[in-house]
Amino acid sequence: YVLDEGLRTTPIAAMMDGDSYAIERYGLSMLPSVGLLQTDFGTRPSAQNVLTAGADQFTDQESLPAVPVELDLVRTASNSSQTLFNEDFSIENVTAAQDSVPQGIMHLATHAVFNTGSVDQSYIQFWDEKLTLDQLPSLGLDDLELLILSACTTALGNREAELGFAGLAAAAGVESSIGSL
């Protein structure tokens, strides 16, 4: 499905044909634009370096007790080359990791807030600091093939940033991004 503005949060997986949900019978995909569709499938993707990062404890926000389990599962399934957890999960360390050994995939598990209005009011929570929407390109994500933002509302947006953090990541050069509703 390619859904236009205003329809992007439609729960396609909840559509029914009368007897069953669409997701029970079909694989479903959503694209924000037909222009983002890659049609060159001639080569098999190569193995990628994977950076897993996140935090489960914060000074001014609720804890996320499932983050260690999530990062461990991703690390095990992907043969993650590096993990940054809690105190090590900083903007500086993520940028340094990307500069030293460019990662093909980055999985971030943390808090995020998308506020309507100015883009500097929305953020992804790192261990002790917030990365605002307008600062996302500073992470040097243009070498990434996939960015997974496992944090609340990273796929939501407004007219200024229609696709939220996930859309801005695509605009910053990430080949593919996944955000959470």
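The values are calculated or read from the model by the stated rules, or taken from the named source; none is laboratory data. Quantities reported herein were computed from a predicted structural model and do not represent experimental measurements. With ideal geometry, Cβ positions are generated from the backbone for all residues, glycine too; neighbour counts draw on all protein chains shown. SASA here: full protein model, heavy atoms, side chains in, ligands and nucleic acids out. Shrake-Rupley method; radii C 1.70, N 1.55, O 1.52, S 1.80 Å.
Quick look at the values:
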quantity	calculated
Near pairs, Cβ below 9 angstrom, 6+ apart or cross-chain, from segment 110-125 (farther than 15 Å from Gly179 by Cβ and among the hydroxyl-bearing types (Ser, Thr, Tyr)) to any residue that is in a loop (DSSP other than H, G, I, E, B) and modelled with pLDDT of 75 or more	Thr116/Ser122
Members of segment 134-153 found to be modelled with pLDDT under 75 and at negative phi, listed by number	Ala151, Cys152
Checking Thr83 against (1) surrounded by 12 or more Cβ atoms within 10 Å (Cβ to Cβ); (2) touching a residue at least 60 places away in the same chain (Cβ under 8 Å), the condition it does not meet	(2)
Qualifying positions in segment 9-49 - within 26 Å of Ile105 (Cα to Cα), at pLDDT 70 or above and part of a loop (DSSP other than H, G, I, E, B)	Thr9, Gly27, Leu28, Ser29, Met30, Gln48, Asn49
Leading residue by the ranking (least open to solvent (accessible area, probe 1.4 Å)) among those in segment 86-103 that are touching a Phe, Trp or Tyr at 6+ places or on another chain (Cβ under 8 Å) and not in a loop (DSSP other than H, G, I, E, B)	Val94
Conditions (1) touching a strand residue (DSSP E or B) at 6+ places or on another chain (Cβ under 6 Å); (2) open to solvent by 80 Å² or more (accessible area, probe 1.4 Å): number failed by Thr59	(1)
Residue match in segment 112-120 (condition: modelled with pLDDT of 75 or more and within 23 Å of Gln82 (Cα to Cα))	yes
